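Everything below concerns the one structure shown next.
Read the figures in this text as sums done on the coordinates, not as results from a lab. Values in this document were obtained by computation on a predicted structure and should not be read as measured data. Cβ: placed from backbone, ideal geometry, glycine included. Neighbour counts: every protein chain shown.
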Amino acid sequence: MESNAKLTQEIVDSLFSFSELGFQEFETQRYLTKILEDNGFTVETNISGLPSSWWATWGSGSPVIALGSDVDGIPKSSQLPGVAYREPMIEGAPGHGEGHNSGQAVNITAALAVKEIMEREGMPGTIVLWPGIAEEVLGSKAWFARDGRFNGIDAVLFSHVSSNMRVGWGQTTGTGLVSVEYTFDGVAAHGAGDPWRGRSALDAVELTNIGWNFRREHLHPLGRSHYVIVDGGDQPNVVPSKATVWYFVREITAEKIRSNFATLQRIAEGAAMMTDTTVNRRIVGAAYPRHFNRPIAEAMDKNIQAVGLPEWTEDDQTYARALQKLMEADEITGLATELPGIATPLEEPQSGGSDDIGDVSWNVPTITLRFPSNVDNLQFHHWSSSMAMATPIAHKGATAGAKVMAATMLDLLQQPELVNDAWRYFKEEQSAGEVYESFVGPNDEPPIEKNAAIMDEYRDRLRELYYDPERYDTYLEQLGINYPQLVKPTQP
Ligand SMILES: [Zn+2]
């Protein structure tokens, strides 16, 4: 893995520079699939009708180990890396404000190392690599699961950026969700000339939001929900004949998600009734509550303890503390120097975000490796979380994660009983009394048009900033940044 560290850094920096939003990860697809094809993997694209997706396979026979990680960025989080002040690379452009530029580096470098060992030792087994497309809008994994992509796979090892290194089992913190758009159809009219002839779709959107916001008081506090108005009409003097509101409805259990979703549905139908408009709904994303596999998590935890955290330099620590100060973090802790240990099921459920890896976790024994490529106490889905993501912190954290990933792949390849234990846990403990029923129906299609307009707007300017590993050792070097650059250089 140490000898692959250069490739790790190049993948981390390249994906950072592509800065692609969900459903539009085409440069990322081109770049990663080329690496995999050059290394003997067979690559398919356009999985489940997602044009930016891909599925790479190498080897034959069992076990079949599938490594996944997300690749999409966050709107408006463009930020120069390696500096400790706000400086967008391109004002308003997307960026990696969660750090999804690092996980595929973990998976790919681990897979290439393990493949080399398998070839040398003549070990049977199949390695699959796949991306979480549009994870930030929960837009792919439930579709992959629906379409049977995880059939025949023995274990899924997923990786996600974090500020420490950890794996867990059982139900995790956080929620599952339904992501749904309601589009209302009304009648246009001149807003001043004859407004009585109009039926406003925007009124219906607003009444839906008012209804839901009143209902909020009577929802359980572990639930979360939020919305944006995707289309509120064209101009004030035209009564909006079309309007769309986009909701995330989150809860701790699938049953509660379904129940809240049914409430929202009735409110939207009520709003249509009040305004004499009609309503159509479209499922645009889904995430099941996550449940991770105990035997694989325990095997991985041993590898985490063996690998340990990266050796941070004083520069790394200075930089991390500067970012925490910038973000007025409650605690200025710097980078983690102690492992937190395996995460076990919570005594009480805890609310929070979602990840569509949940859907995978109900189809095949799955774990998520959280690896230490980012700084604690910053703000996720915000430019601050991208600042460290093309620096030595991200590179070293990904290499540490790759070591753990590779070692766990070798455990699965060499210990058939681990695969058997994983499936016994999956069937007898996790799935006892639970039936997975996806929130995505057989005819729901992923919303692949999303983010296309934003990427069209920024793609040319982003392309000028793509990392060129032929000319520069690192992306920081290409950008002329003297890491850790704590204060903004004054103009000469
Ligand atoms: Zn994420």
- Item | Least to most buried among I127, I304 (fewest other Cβ within 10 Å first) | I127, I304
- Query: Measuring from centroid to centroid over Cα atoms, what is the spacing of the stretch 427-466 and the stretch 389-425 in Å?
  - Reply: 24 Å
- Item | Members of K76/K325; K302/K427; K403/K488; K6/K450; K76/K256; K256/K427 lying beyond 29 Å, as alpha-carbon distances in this model show | K403/K488; K6/K450; K76/K256
- Tell me, what are the semi-axes, in whole angstrom and largest first, of the equivalent ellipsoid of the chain as set by the roots of 5 times the Cα gyration tensor eigenvalues? 38, 29, 21
- Provide Rg over Rh for the stretch 179-286; use the alpha carbon set for both Rg and the Kirkwood Rh (inverse mean inverse pair distance). 1.03
- Item | Karplus-derived HN-Hα couplings along the stretch 264-281 (A = 6.51, B = -1.76, C = 1.60, θ = phi - 60°), whole Hz, x at Gly and Pro | 4, 4, 5, 5, 5, 5, x, 5, 5, 5, 5, 10, 6, 10, 10, 10, 10, 10
- Query: Of H381, I367, L410, which is farthest on the positive side of the dipole of the stretch 359-421, counting Cα position, with +1 on Lys and Arg Cβ, -1 on Asp and Glu Cβ, and the Cα centre as origin?
  - Reply: H381
- At 7 Å along the Cα-to-beta-carbon direction for both E269 and S60, put a label point, then send me their distance in nm to one decimal. 5.5 nm
- Task: Before anything else, pin down the relative contact order of the chain: Cα pairs under 8 Å, at least 6 apart, normalised by residue count, whole percent.
- Result: 25 percent
- Note on the structure: Once the mean of 1/r over all distinct C-alpha pairs in the stretch 50-112 is inverted, the Kirkwood radius in Å reads 14.2 Å
- Message: I want the local charge near I257. Using Cβ-Cβ distances under 9 Å, sum +1 for each Lys or Arg and -1 for each Asp or Glu among the other residues.
- Response: +1
- Projecting the Cα atoms of S52, Q79, T172 onto the charge dipole of the chain, where Lys and Arg contribute +1 and Asp and Glu -1 at Cβ, the residue farthest towards the positive end is T172
- Query: Can you put D70, D147, D234, D460 in order, fewest other beta carbons within 10 Å first?
  - Reply: D460, D234, D147, D70
- Task: Write down the percent of antiparallel bridges among all DSSP beta bridges whose residues are both part of the chain, to the nearest 5.
- Result: 70 percent
- Among T278, T33, rank each residue by its count of other Cβ atoms within 10 Å, from fewest to most, as a rough exposure measure. T278, T33
- Query: Against the longest alpha carbon principal axis of the chain, how many degrees, from 0 to 90 and to the nearest 10, is the axis of helix 201-215 turned?
  - Reply: 70 degrees
- Debye intensity ratio I(q)/I(0), log10, the stretch 418-492, q values 0.12 Å⁻¹ (C-alpha model): -0.78
- Message: Once R0 is set to 35 Å, what does the formula 1/(1 + (r/R0)^6) return for the Cβ-Cβ distance between E417 and K325, expressed as a FRET efficiency to the nearest 0.05?
- Response: 0.10
- Item | Helix-only CD estimate at 222 nm, as mean residue ellipticity for the chain, using -39500 (n - 2.57) per DSSP H run (n ≥ 4) | -11000 deg cm²/dmol
- Along Cα→Cβ, 7 Å out, is where each label goes; now give me the distance between the ones at E91 and Y466 in nm to one decimal. 2.6 nm
- Message: What is the distance in Å between the Cα centroid of the stretch 311-344 and that of the stretch 1-26?
- Response: 23 Å
- Extended-chain gain in nm, criterion 0.36 nm per residue less alpha-carbon gap, E445 and E347: 31.6 nm
